[in-house]
Amino acid sequence: MSAQAPVRRVTVPQIAGRKGAPPIVALTAYTAPMAALVDAHADVILVGDSLGMVIHGLPSTIGVTLEMMILHGQAVMRGSARAMVVIDMPFGSYEESPQQAFRNAARVMGETGCGAVKLEGGARMAPTIRFLVDRGIPVMAHVGLTPQATNVMGGFRTQGRDEASWPAHVADAVAVAEAGAFSVVVEGVMEGLADRITEAVAIPTIGIGASARCDGQILVLDDMLGLSGRVPRFVRKFGDLGPRAEAAIADYAAAVRDRSFPAADQLYR
């Protein structure tokens, strides 16, 4: 009997080559068990800095540290085998200079073994993206609504409501593509603008609150499973696990209080 062939991870060139069809499936994950569930179905697992809000209860992503991203990135790498793992560069870890970005991105990749990093920003970040790519660090870009800049934007505001602003957003996407990003997340923009961006760049676009015509889609796993509270309009809940989990917890508490748990099957005699 021949040995089973080892599972090979999805690579950067494979994702870069998915312009058009079939659509790229991407989800976030922050822990090994969740990564294991996602791995068989997603092309890309993003260890997003959204973990600050989803896992750690922070009010925004601003307080997320490089150490937090590395810790969760290591867990996701252990829990997955096939999907390409991309790790967010947190706020303050790459904006100062291309050199700072390289040092921190190299640390993330070296300590986790992930396939790529993601950073936010358009044309202003293009020189940094080029610097990283030229030195062997694959970069997924992120334009449109960039959560790390919400203090400047005045909150989580949909971008492109004024059509006069569209050329600037398109220029951002073109700049990161020309700088060497292998794909770009397009978040929280008007549908027509997302379509314009997708047409304008040769790399795949991955939409979140953008357009069904993007080259792929991504959601926060906890949002689509119904484990979060209030979620953005663009989220579809493909499951409703929150109420089911709470009901199970309530059943456990009741069983402890009436001494029906542990029962004979759960005891060593």
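The values are calculated or read from the model by the stated rules, or taken from the named source; none is laboratory data. Since the structure is predicted, the reported quantities are computational estimates derived from the model, not experimental observations. So basically every Cβ, Gly included, is an ideal-geometry build from the backbone, and we count neighbours across all protein chains shown. Please note that ligands, DNA and RNA were not included when accessible areas were found on the heavy atoms of the full protein model with its side chains. Shrake-Rupley method; radii C 1.70, N 1.55, O 1.52, S 1.80 Å.
Does the range 111-190 come out rounded, prolate or oblate, given a ≥ b ≥ c as the square roots of the eigenvalues of its C-alpha gyration tensor, rounded meaning a/c under 1.5 and, failing that, prolate meaning a/b above b/c? Before the final figure, lay out each step's value.
Numbers: a/c = 2.49, a/b = 1.67, b/c = 1.49.
It comes out prolate by the Cα gyration axes.
Take every DSSP beta bridge with both residues inside the chain and express the antiparallel ones as a percent of the total, to the nearest 5. Don't skip to the end; give the middle numbers.
Working: 1 of 29 bridges.
Once the DSSP bridges in the chain are tallied, antiparallel ones form about 5 percent.
Quick one: Kirkwood hydrodynamic radius for the range 58-216, alpha-carbon pairs, angstrom, one decimal? List each step's numbers first, then the result.
Numbers: mean 1/r = 0.0631 Å⁻¹.
It works out to 15.9 Å.
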Return one whole number: the accessible area per residue of the range 16-55 in Å², for a 1.4 Å probe. 38 Å²
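Note down the relative contact order for the chain as a percent, whole number, built from C-alpha pairs under 8 angstrom at least six residues apart. Each step should come with its number before you reach the end.
On the way: 507 pairs, mean separation 44.4, N = 269.
16 percent.
Roughly how many Å² is the accessible area per residue of the range 129-172, as a whole number, for a 1.4 Å probe?
Details: 2200 Å² over 44 residues.
Using a 1.4 Å probe on heavy atoms only, each residue of the range 129-172 averages 50 Å².
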For C214, the net charge from surrounding residues (Cβ-Cβ under 12 Å; K, R +1; D, E -1) works out to -1
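Hey, any idea what % of the chain's accessible area is carbon plus sulfur with a 1.4 Å probe?
Looking at the chain in its full context, I get 57 percent from C and S.
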Listed residues Q14, Q74, Q217, most fluctuating in the chain (Gaussian network, C-alpha, under 10 Å): Q14
First select every other residue whose beta carbon is under 12 angstrom from the beta carbon of V170; then total the charges, Lys and Arg +1, Asp and Glu -1. -3
What is the Å³ per residue value for the convex hull set by the Cα atoms of the chain? 170 Å³
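Quick check for me: using +1 on Lys/Arg Cβ and -1 on Asp/Glu Cβ, what's the dipole size of the chain about its Cα centre, in debye to the nearest 20? Don't jump to the answer; show the numbers that get you there.
Numbers: 24 positive and 26 negative charges, 97 e Å.
Result for the chain is approximately 460 debye, rounded to the nearest 20.
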Scoring only Lys, Arg, Asp and Glu (+1, +1, -1, -1) among other residues with Cβ under 15 Å from the Cβ of S183 yields -4
Just to be sure I understand the curve: with the Debye formula and one point per C-alpha of the range 123-162, what is log10 I(q)/I(0) at q = 0.21 Å⁻¹? -0.74
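From the helices alone, meaning DSSP H stretches of at least four residues, give me the mean residue ellipticity at 222 nm for the chain, per-run term -39500 (n - 2.57), in deg cm²/dmol to the nearest 500. List each step's numbers first, then the result.
Working: 11 runs with 104 residues, N = 269.
-11000 deg cm²/dmol, from helical runs alone.
Looking at the square roots a ≥ b ≥ c of the eigenvalues of the Cα gyration tensor of the range 159-223, which shape do they give, rounded for a/c under 1.5, prolate if a/b is larger than b/c, or oblate?
Numbers: a/c = 1.89, a/b = 1.13, b/c = 1.67.
Because a/c hits 1.5 or more and a/b fails to exceed b/c, the range 159-223 counts as oblate.
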Using Cα centres only, tell me the gap between the range 202-269 and the range 161-181 in whole Å. 35 Å
